[in-house]
Amino acid sequence: MKWTSNKNRLPIKSWCDDIEDAAMAQARNLANHPRTFHHVALMPDCHSGYGMPIGGIIACEDVVIPNAVGVDIGCGMCAVRTTHARDDIDETRIKAIIGALRKEIPVGFDHHKHDRQWIGFNDAPDVAVIRQELKSARKQLGTLGGGNHFIEIQSGSDGFIWLMIHSGSRNFGYKIAREYNIIAQKKCDRYTSLPIPLTGDNGLAFLPFDLKEAQEYIDAMNFALQFARQNRAVMMAHFKNAAGEILKCDFDDEINIHHNFAAPETHFGKKVWVHRKGATQAEYNQRGIIPGSMGTASYIVRGLGNAESFRSCSHGAGRIISRNEANRKYSVEECTRAMEGIVFGRWGKDRKGGFDLSEAPQAYKNIDVVIQNQTDLVEIVVKLKPRGVMKG
């Protein structure tokens with residue numbers, strides 16, 4: 001841990017070297033929230049989000065806060081080690097694998113043309129926002145999405161090629177978060193005197209567990225988590241098929257984890273609901289994945305079960321600059337130089353027709369520093385170097 005602040009109702013415990021003013025203001029709101037428990041934890045990749053900073057962890061005894069989970073419910077990582085030697089792969093075969101994936105996995109706003117099969121669709125909860133999205137979700141299963149979601153071929157410090165995927169619950173997460181944040185705001189009308197924001201996109205409105213809407217949110221969130229996990233598993237199956245055929249390799253067990261979710265756990269002697277927004281569970285000896293940017297290292301880690309972080313760690317490197325600012329500030333030439341030696345599809349276009357440089361390595365914190373700042377939370381198992389990247 002880097003520092004602790006005791007100036008609020010609850011302490012703020014941080015693993016950050018420094019923190020932007022907006023994220024710190026959001027952390028103070030959480031520390032002064034009437035329903036948060038024990039302390040607020042900030043991971044070393046922390047930066048501002050909607051209501052709660054990304055890279056933040058809180059616990060609540062009797063409420064759930066939709067904005068403390070966020071809009072991409074179930075977003076997470078999947079990784080698997082191949083039996084193929086890291087030094088025995090060339091650009092031609094990397095391009096062949098990525099080319100095969102592009103035929104099977106829609107990216108960005110694209111979906112499959114026909115419904116995908118998954119037994120989980122039969123167990124969807126009877127919650128309106130889920131039922132409304134089921135038809136489109138059948139075509140979204142096994143799709144990557146856009147933004148910071150990616151598929152990567154990587155060389156491991158253990159001597160093997162690794163496959164990695166970052167994706168989430170597609171439109172489920174956004175619709176659930178939006179719907180139940182609005183509901184929570186209405187339920188919190190009586191709390192207008194609280195010294196924290198409850199309304200709007202940056203509000204921390206909450207749903208007490210004695211309300212049926214709280215259980216609806218939990219049911220919807222848990223279904224989105226299942227969908228997100230299956231979404232990654234389906235894409236990883238395609239990834240393994242392509243890599244297996246081209247590299248003639250086998251595979252170890254997959255790691256498949258979330259970093260945007262709430263879950264019931266016991267901490268400091270209390271049964272609480274831990275909200276992790278851009279944070280990964282790091283129970284003792286639990287395997288985890290901490291990716292860097294598309295041009296920098298990623299890490300396979302093992303949790304140390306540190307109670308002070310609610311047994312959590314960072315979910316990635318964390319942004320240092322917004323997407324719009326990155327597009328204004330950086331040039332194509334400097335971003336391309338940062339990707340030297342890595343196979344990628346060059347830069348797409350933003351909504352204004354200019355080059356989209358928002359995911360360039362320069363837009364993210366130094367992943368090695370982020371890892372160094374949480375040596376009391378995780379230990380490194382394997383360091384991974386990107387060799388080929390497929391983005392939405």
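The values are calculated or read from the model by the stated rules, or taken from the named source; none is laboratory data. On a predicted model such as this, the values are computed, not experimentally measured, just so you know. In this analysis, Cβ positions are derived from the backbone assuming ideal geometry, glycine residues included, and neighbour counts consider all displayed protein chains.
Structural remarks
- D90 vs. criteria within 19 Å of H258 (Cβ to Cβ) and loosely packed, with under 14 Cβ neighbours inside 10 Å: no
- Residues of the range 350-389 satisfying the condition of being of a type in the set (K, R) and crowded, with 16+ Cβ neighbours inside 10 Å: K365, K383, K385, R387
- So A137, is it out of contact with any strand residue (DSSP E or B) (no Cβ under 9 Å at 6 or more places or on another chain) and closer than 30 Å to R323 by Cα: yes
For every residue, the table says whether it meets (1) β-branched (V, I, T); (2) under 16 Å from the mean Cα position of the chain (by Cα); (3) buried (at least 24 other Cβ atoms within 10 Å of the Cβ).
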residue: K135; (1), (2), (3): no, no, no
residue: I153; (1), (2), (3): yes, no, yes
residue: G156; (1), (2), (3): no, no, no
residue: H166; (1), (2), (3): no, yes, yes
residue: A205; (1), (2), (3): no, no, yes
residue: P208; (1), (2), (3): no, no, no
residue: L211; (1), (2), (3): no, no, no
residue: Y217; (1), (2), (3): no, no, yes
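- Qualifying residue in the range 222-235 (condition: farther than 29 Å from Q132 by Cβ and touching a strand residue (DSSP E or B) at 6+ places or on another chain (Cβ under 7 Å)): no
- Test: residue in the range 19-33 that is assigned by TED's automatic domain parsing to the domain that holds I183, basic (K, R), surrounded by fewer than 22 Cβ atoms within 10 Å (Cβ to Cβ) and touching a helix residue (DSSP H, G or I) at 6+ places or on another chain (Cβ under 9 Å): no
- Of the residues in the range 1-14, not one is touching a residue at least 40 places away in the same chain (Cβ under 8 Å) and either within 23 Å of K175 (Cβ to Cβ) or touching a Pro at 6+ places or on another chain (Cβ under 7 Å) (or both).
- Against the criterion of being β-branched (V, I, T) and part of a loop (DSSP other than H, G, I, E, B), I196 qualifies.
- Of all residues in the range 281-298 being among the hydroxyl-bearing types (S, T, Y) and buried (at least 24 other Cβ atoms within 10 Å of the Cβ), the one that is nearest to M77 (Cα to Cα): S298
- Members of the range 214-263 found to be of a type in the set (A, V, I, L, M, F, W, C), in a helix (DSSP H, G or I) and either closer than 29 Å to F160 by Cα or without any contact (Cβ under 8 Å) to a residue 60 or more places away in the chain (or both), listed by number: A228, A233, V234, M235, M236, A237, F239, A242, A243, I246, L247
- Checking each residue in the range 70-85 for being out of contact with any Phe, Trp or Tyr (no Cβ under 6 Å at 6 or more places or on another chain), over 15 Å from F150 (Cβ atoms) and part of a loop (DSSP other than H, G, I, E, B) picks out G70, I73, G74.
- Criterion: crowded, with 16+ Cβ neighbours inside 10 Å, without any contact (Cβ under 8 Å) to a residue 24 or more places away in the chain and either of a type in the set (V, I, T) or not assigned by TED's automatic domain parsing to the domain that holds A262 (or both) - qualifying residue of T199, T192: T199
- Apart from one condition, I183 fits all of (1) in a loop (DSSP other than H, G, I, E, B); (2) in contact with an Asp or Glu (Cβ under 8 Å, 6 or more places away or on another chain); (3) at pLDDT 95 or above; the exception is (1).
Yes or no, residue by residue, for (1) within 19 Å of the chain's Cα centre (by Cα); (2) over 13 Å from M235 (Cα atoms); (3) loosely packed, with under 15 Cβ neighbours inside 10 Å:
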{"residue": "L101", "(1), (2), (3)": "no, no, no"}
{"residue": "D110", "(1), (2), (3)": "no, yes, no"}
{"residue": "G147", "(1), (2), (3)": "yes, yes, no"}
{"residue": "G159", "(1), (2), (3)": "no, yes, yes"}
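- Note on the range 43-69: residues that are within 17 Å of I183 (Cβ to Cβ) and assigned to a strand (DSSP E or B) amount to 3.
- Residues of the range 1-35 that turn out to be touching a Cys at 6+ places or on another chain (Cβ under 6 Å) and under 21 Å from F261 (Cβ atoms), as a count: 2
- Residue match in the range 82-89 (condition: within 30 Å of S136 (Cβ to Cβ) and among the small types (G, A, S)): no
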